[in-house]
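Below is one structure, written out as structure tokens, with a few remarks after it.
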Amino acid sequence: MPNGMMGSLYRGSEWIMRIAYVNFLWLAFTLFGLIVLGVIPATVATLAVIRKWFMGETDIPILKTFLTVYKDGFIKVNILGLLLGIAIFIVYVDFLFLNTLDGMFRIVMNIALITIVFLLFIIIVYIFPVYVHYRLKLLDYIKHALIIGILNPLPTLLMIIGLLVLYQVFVYVPGLILFFGVSLICITLMGPAYISFRKVEIKKWGVEVNKAEESH
């Protein structure tokens with residue numbers, strides 16, 4: 001491998017190709033799952049590949065890793081997605097209902113609902129990184145996502161900032177979405193999430209190897 005500037009350019013182009021390749025896999029397997037059933041398993045598989053990168057396993061077989069997670073978790077992650085969809089729908093209906101109210105009661109309920117929306121947002125951004133990092137019972141993913149997100153406000157803030165930055169980039173350069181959109185979003189979520197996981201694990205087990213982590 002070349003050194004110096006050429007080496008940096010080579011490694012940079014290699015990572016660009018990897019990120020674009022994973023994004024292509026996401027598109028292909030989202031379509032393979034007829035979009036509705038494919039989008040969440042494909043997103044989870046993308047997160048699983050990116051998690052491996054953050055763990056230092058940069059030479060993993062990308063397609064094999066992606067396919068394994070996609071197939072093994074197809075039903076489970078779609079159930080999680082359905083539960084999140086139901087929760088989002090209920091919150092949306094509640095907002096519509098609150099618009100019919102007046103007075104102090106409406107203000108109090110709006111504050112409560114905004115709090116619920118914030119907690120739901122934490123669950124949404126953490127739940128699938130949690131899924132690819134731990135093996136838990138179905139509903140425990142929701143609980144762990146919420147707890148880890150709340151206990152790690154800085155990584156959670158980094159997620160929010162990262163998503164806002166990506167939004168601005170995609171607004172000005174929409175062509176990037178096709179080639180890098182989902183991959184960059186998953187990197188933005190998985191990076192801070194992985195930091196959160198390691199902090200939790202270090203607090204629980206010190207410097208020992210993570211005992212709860214189970215690679216998918």
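Taking the range 164-174 as the range and being assigned to a helix (DSSP H, G or I) and open to solvent by 50 Å² or more (accessible area, probe 1.4 Å) as the test, the residues that pass are 164, 165, 167, 168, 169, 171, 172.
For the range 132-147, filtering for residues that are open to solvent by 10 Å² or more (accessible area, probe 1.4 Å) and either assigned to a helix (DSSP H, G or I) or in contact (Cβ under 8 Å) with a residue 12 or more places away in the chain (or both) leaves 10.
Beta carbons closer than 9 Å, at least 6 apart along the sequence or on distinct chains, pair a first residue in the range 191-205 that is under 20 Å from residue 158 (Cα atoms) with a second that is in a helix (DSSP H, G or I) and of a type in the set (D, E, K, R) for 193/51; 194/51.
Go through 38, 12, 33 for me and flag whichever is touching a residue at least 24 places away in the same chain (Cβ under 8 Å) and under 25 Å from residue 179 (Cβ atoms). Of 38, 12, 33, the one residue that is touching a residue at least 24 places away in the same chain (Cβ under 8 Å) and under 25 Å from residue 179 (Cβ atoms) is 33. Within the span defined as the range 8-22, one or more residues are of a type in the set (Lys, Arg) and over 29 Å from residue 141 (Cβ atoms).
The values are calculated or read from the model by the stated rules, or taken from the named source; none is laboratory data. What you see is a predicted model, and the numbers here were worked out from it, not measured in a lab. Quick reminder, even Gly has a Cβ in these numbers, built from the backbone with ideal geometry, and neighbours come from all protein chains shown. Note: accessible area is taken over every heavy atom of the protein model, side chains too, but ligands, DNA and RNA are not part of it. Shrake-Rupley method; radii C 1.70, N 1.55, O 1.52, S 1.80 Å.
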